[in-house]
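A.B. asks: The following block contains the structure, expressed as structure tokens.
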Amino acid sequence: MDAVPAPALDRPAPRSDDPQWWRSAVIYQIYVRSFADGDGDGTGDLAGVRSRLGYLRDLGVDALWFTPWYASPLADGGYDVSDYRAIHPDFGTLEEAEALIREALEFGIRTIIDVVPNHVSHRHAWFQAALAAAPGSPERERFWFRDGTGPGGDGIPNHWVSPFAGETWTRTTDPDGTPGQWYLHLFAPEQPDLNWNHPDVRREHEDILRFWFDRGAGGVRIDSAALLVKDPELREITDDHAPGDHPNTDRDELHDIYRSWRSVADSYPGTRVLVGEIWLPDVDRFVKYLRADEMHTAFNFDFLARPWDAAQLRESIEQTLAAHAPVQAPSTWVLSNHDVTRPVTRYGRDDSSFAFLAKRFGTPTDLFRGTRRARAAALLTAALPGSLYLYQGDELGLPEVELPREALQDPMHFRSGGVDPGRDGCRVPLPWTVDGPSFGFGASERPWLPQPADWGGYSVAAEEADPASMLHLYRAALRIRRDEPALGDGPLEFLDLGLDVLAFRRGDGFVSITNFAGTGLALPAGELVLASEEHSPGVLPPDSTAWLRIPAVGDH
């Protein structure tokens with residue numbers, strides 16, 4: 001599949017001087033390895049993405065967020081970066097990345113890149129220099145090298161636990177073969193943590209921002225944004241830390257870093273956005289990152305993690321909107337990403353919430369029920385105020401794939417002792433055609449992760465031929481969202497239509513109604529705009545959403 005130039009546009013390119021584009025944007029996440037393979041080697045690449053820009057334009061997205069495409073050993077899917085100024089050779093070249101950014105803009109689509117400031121790859125030049133240097137050297141001060149405890153330094157420096165499970169320290173070997181110091185890695189051993197108290201670290205990351213903004217990037221997504229700064233004494237974690245004083249999470253010093261980043265972003269024409277990946281249970285702490293001189297937006301993981309339940313989702317929406325209001329930041333809404341069980345599978349389970357620690361092999365699901373709910377959730381989420389994130393393949397209704405153990409590559413699986421299936425199930429290469437090599441993903445019969453035998457039924461080609469498909473539903477929803485003045489950023493008014501109903505009004509008369517009950521719901525009188533399921537006139541089936549126009553005369 002060769003990269004092709006952009007055809008004539010059927011919508012205007014974004015204005016470079018529009019300062020508010022991000023407040024209502026639809027942002028599509030691309031996991032490059034699994035999107036489209038342009039050179040036929042079984043791995044997705046930038047040539048593949050460039051060849052599919054027309055598809056993304058037709059879908060109706062405003063920006064693309066790319067998971068890391070940089071030079072990397074790929075110990076953690078690219079989140080172990082060895083060089084931010086080079087593209088991984090499996091994906092292409094820097095020149096191709098620059099061309100992709102330009103061509104996407106010609107389609108009216110901005111590009112958001114990923115940065116991973118908490119750590120680098122163990123192959124990064126800085127870390128290699130640190131390993132070659134002596135304890136106490138300037139090279140080691142950029143990281144967290146420490147002597148061990150106990151006899152011979154055999155004990156780990158502290159007992160922090162990794163989000164990947166397991167210990168967070170690995171011991172080095174000195175040039176003479178004897179055990180050396182230990183280094184900190186909150187994630188995998190191949191991802192040594194940077195010391196953000198060091199000026200070199202701060203200066204380097206600001207230079208990385210400039211490097212990509214100079215090449216036209218419209219924004220930056222910040223991985224693990226609340227973890228960068230560590231307590232200088234590396235204190236043990238207890239239950240009584242004051243807010244902002246946790247040893248490795250959400251420390252107050254972080255805000256100075258992001259104010260500096262915002263200053264860099266604001267020095268460029270057109271709003272260059274900062275988007276944080278911030279997992280914090282304290283909403284008040286969360287929104288501090290969204291003050292006017294810090295990040296523009298942050299992912300709302302609470303909504304993603306909630307079960308399919310009207311009261312639960314309404315509570316999440318209310319809390320999210322209330323928290324964002326004081327800082328006048330738009331909310332973000334997302335149903336999944338490259339780390340999370342796909343909605344079609346998750347919503348079909350008895351427990352439809354999401355938690356990393358709960359993932360297990362063989363968890364049963366009802367895909368029929370899950371698909372209905374995922375369709376309803378798509379419309380519900382697209383009607384909420386703020387920006388919308390869509391993970392590649394969700395617009396096709398792809399289910400989570402339970403891969404054979406021998407095919408798994410995710411370090412989460414291996415560090416769990418084989419209990420956790422990991423995240424590979426939502427990263428299986430996309431199907432583009434009903435049949436053929438790798439269902440149109442590329443010319444190779446063996447993509448980097450195996451695809452199920454029924455993958456062609458979920459393909460773009462199959463769904464384009466089916467007016468009732470998930471793809472057609474998403475295209476229609478995003479078209480309406482773009483054209484409807486009431487949607488995107490703006491106010492929301494909840495409507496009381498019953499305990500098992502989540503309904504709200506946007507603007508003067510646009511209403512979204514989702515039925516969570518086990519029976520049909522009598523709809524109020526109004527003009528039907530779009531529905532997630534076919535239904536009898538005036539009755540919304542279970543696990544369905546309808547958009548209507550209803551004059552705002554009062555609650556119905």
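A.B. asks: Sorted by mean Cβ packing within 10 Å, highest first, what order do the peptides 118-131, 461-474 take?
C.D. replies: 118-131, 461-474
A.B. asks: Gain in length, Ala292 to Asp154, computed as 0.36 nm per residue apart minus the alpha-carbon separation, to one decimal in nm? Kindly include the intermediate steps, with their values, before the conclusion.
C.D. replies: On the way: separation 138, 0.36 × 138 = 49.68 nm, distance 4.68 nm.
Full extension from Ala292 to Asp154 adds 45.0 nm.
A.B. asks: Moving on to the next point. For the range 158-305, which whole-number percentage of the solvent-accessible area (1.4 Å probe, protein heavy atoms only) is attributable to carbon and sulfur atoms?
C.D. replies: Numbers: 2830 of 5620 Å².
Carbon and sulfur atoms account for 50 percent of the accessible area of the range 158-305.
A.B. asks: For every other residue with a beta carbon closer than 11 angstrom to the beta carbon of Ser162, add +1 if it is Lys or Arg and -1 if Asp or Glu, then tell me the sum. Provide the component values of the computation, followed by the final result.
C.D. replies: On the way: positive: Arg415; negative: Glu167, Asp193.
Taking every other residue near Ser162 into account, the sum is -1.
A.B. asks: Which trypsin sites (Lys or Arg not before Pro) in the range 339-440 sit in a loop by DSSP (not H, G, I, E or B) and have at most 16 other Cβ atoms within 10 Å of their own Cβ? Please report the intermediate quantities before stating the final value.
C.D. replies: On the way: sites: Arg346, Arg349, Lys359, Arg360, Arg369, Arg372, Arg373, Arg375, Arg405, Arg415, Arg423, Arg427; in loops: Arg349, Lys359, Arg360, Arg423, Arg427.
Answer by residue number: Arg360.
A.B. asks: Next question, about the same structure. Along Cα→Cβ, 7 Å out, is where each label goes; now give me the distance between the ones at Glu484 and Glu236 in nm to one decimal.
C.D. replies: Reported label-point gap for Glu484 and Glu236 is 5.5 nm.
A.B. asks: Could you work out the relative contact order of the range 144-291? I mean the mean sequence separation of Cα pairs under 8 Å and 6+ apart, divided by the number of residues, in percent.
C.D. replies: Normalised by residue count, the contact order of the range 144-291 is 19 percent.
A.B. asks: Averaged per residue, what accessible area in Å² does the range 113-267 show with a 1.4 Å probe, protein chains only? Don't skip to the answer; put the middle values down first.
C.D. replies: Working: 6250 Å² over 155 residues.
Spelled out: the 1.4 Å probe surface of the range 113-267, per residue, equals 40 Å².
A.B. asks: Can I ask one more? Quick one: accessible area per residue over the range 445-529, 1.4 Å probe, rounded to a whole number of Å²? Show your work: numbers first, answer last.
C.D. replies: Numbers: 3920 Å² over 85 residues.
Per-residue accessible area for the range 445-529 comes out at 46 Å².
A.B. asks: What does the charge count around Arg221 come to, taking other residues whose C-beta lies under 15 Å from its C-beta (Lys +1, Arg +1, Asp -1, Glu -1)?
C.D. replies: -3
A.B. asks: Now for a separate question. Looking only at the chain, where both bridge partners belong to it, what percent of the DSSP beta bridges are antiparallel (to the nearest 5)?
C.D. replies: DSSP beta bridges in the chain are roughly 60 percent antiparallel.
A.B. asks: Carbon and sulfur together cover what percent of the accessible area of the range 432-519 at a 1.4 Å probe radius?
C.D. replies: Taking all protein chains in place, the range 432-519 shows 53 percent carbon and sulfur surface.
A.B. asks: Expressed as a whole number of Å, what is the distance separating the alpha-carbon centroids of the range 320-344 and the range 26-78?
C.D. replies: When both Cα centres are located, 22 Å separates them.
A.B. asks: Please compute the contact order of the range 319-419 in relative form: average sequence separation of alpha-carbon pairs under 8 Å and at least six residues apart, divided by the residue count, as a percent. If you can, show how the numbers build up before the last one.
C.D. replies: On the way: 98 pairs, mean separation 34.3, N = 101.
Normalised by residue count, the contact order of the range 319-419 is 34 percent.
The values are calculated or read from the model by the stated rules, or taken from the named source; none is laboratory data. Everything numeric in this text was worked out from a predicted model, so none of it was measured. No Cβ is skipped: glycine too gets one built from the backbone with ideal geometry, and neighbour counts run over all protein chains shown. These accessible areas exclude ligands, DNA and RNA; they are computed on the full protein's heavy atoms, side chains included. Shrake-Rupley method; radii C 1.70, N 1.55, O 1.52, S 1.80 Å.
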